[in-house]
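Below is one structure, written out as structure tokens; the observations come after it.
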Amino acid sequence: MSKIIVEKVTQTFGIDSGSSLKVLDDINLEIESSSFNVIVGTSGCGKSTLLKMMAGLFLPTEGRICLDGNEIKGTDRRRGMVFQQDAVFPWMTVAKNISYGPRIRGASRAECAEIEKKWIELVGLKGFESSWPRELSGGMRKRVDLGRVYANDPDVLLMDEPFGALDVQTKERMQAELLNLWEITKKTVVFVTHDLEEAIFLADRVIVMSARPGRIRHVEEISLPRPRTSETRLTEELLSIKRKLWSMLEH
Ligand SMILES: Nc1ncnc2c1ncn2[C@@H]1O[C@H](COP(=O)(O)OP(=O)(O)OP(=O)(O)O)[C@@H](O)[C@H]1O
Ligand SMILES: [Mg+2]
């Protein structure tokens, strides 16, 4: 089980400074265990803020966020976060980056080697175990990032525009691989993006937010069949959902 419940969450920044800014207003969400959820909304509507609170980086001003009934009050390796910028350590090889979490928690050399082997293979970096991050392309560094987060074996994956900086082909490949990993692991995913096609392609559920202060404007259940392939991107069904959601986003 890894169900997230967001209850009456409000976030106001700068209350103490006198110039307060209400960023999120009365957010209520139920994120089902093992589901793939994507949040879309215009820039500044509070998507990253909401995701960071799910990670436990700070608390809501009002309301609460619970994981399996327990209020989220701090970071925990059960919730792995992937940011837009990669968070790989430049001074560690690919393999050492991937096993970083288990290693600092005291996993043995043999356990680390096993984890490195498994995730290097699953994220498609075989042959690059000993490479340094500076020797990798942006897409490859993103793979290291994914492997690093997965190697921690989190229950929930929180992803903030992880593929935003990639070219279209690399982005589509990473989306397909992320879906593969999700099919294998069935982690609960909350993914933020600006890209509607990406959102619909990946999601069980697309959550559309309105502009600041961010509110939940609409939740669209996506019933496109799985596994999703490059053909899925061309279906009339996907395009019609895209049209519908596009009209809901404020430009
Ligand atoms: N720590 C902070 N202190 C003060 N204001 C903040 C803080 N973090 C975010 N904000 C403000 O909250 C608003 C929402 O920011 P947030 O990063 O959540 O937006 P977003 O929806 O992720 O936007 P984008 O799509 O551009 O990434 C912005 O106006 C931002 O300036
Ligand atoms: Mg953001």
### Query
Rounded to the nearest whole Å³, what is the per residue volume of the convex hull around the Cα atoms of the stretch 83-153?
80 Å³
### Query
Most fluctuating residue of PRO225, PRO133, PRO102 in a GNM of the chain with Cα springs under 10 Å: which is it?
PRO225
### Query
For the chain, what proportion of DSSP beta bridges, expressed in % and rounded to the nearest 5, is antiparallel?
50 percent
### Query
With a Cα-only, solvent-free Debye model of the stretch 137-217, what are the log10 I(q)/I(0) values at q = 0.14, 0.15, 0.20, 0.27 Å⁻¹?
-0.49, -0.56, -0.97, -1.52
### Task
Determine, from the Cβ-Cβ distance of ALA211 and ALA113 and an R0 of 41 Å, the FRET efficiency 1/(1 + (r/R0)^6), rounded to the nearest 0.05.
0.25
#### Entry: Inter-centroid distance (Cα atoms) of the stretch 206-223 relative to the stretch 7-66, Å
13 Å
### Task
Ratio to report: Rg/Rh of the chain, with Cα atoms as the point set and Rh obtained by the Kirkwood method; give two decimals.
0.97
### Query
Listing GLU177, GLU231 from the residue with the fewest other Cβ atoms within 10 Å to the one with the most, what is the order?
GLU231, GLU177
#### Entry: Local net charge near ALA113, Cβ-Cβ under 12 Å (Lys/Arg +1, Asp/Glu -1)
+1
### Query
Near LYS96, which lysines are there with a Cα under 22 Å away, not counting those fewer than 8 places off in the same chain?
LYS117, LYS118, LYS126, LYS142
### Query
Could you give the alpha-carbon Rg of the stretch 1-144 over 2.2 N^0.38 Å, rounded to two decimals?
1.27
### Message
Report, to one decimal in Å, the Kirkwood hydrodynamic radius for the stretch 202-248 based on all distinct Cα pairs.
### Response
11.7 Å
#### Entry: Label-point separation, ARG173 to TRP132 (7 Å along Cα→Cβ), nm
2.4 nm
### Summary
In degrees, nearest 10, the alpha-carbon axis of helix 236-246 is tilted away from the dominant principal axis of the alpha carbons of the chain by 60 degrees
### Task
Count the lysine pairs in the stretch 163-251 whose Cα atoms lie under 25 Å apart, taking only pairs 8 or more positions apart in sequence or on different chains.
4
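Readers should treat all values here as calculations from the given coordinates under stated rules, not as data from a laboratory. Here the structure is a predicted model, which is why all the values come from computation and not from measurement. Ideal geometry is used to build each Cβ from the backbone, glycine not excepted, and the neighbour counts take in all protein chains shown.
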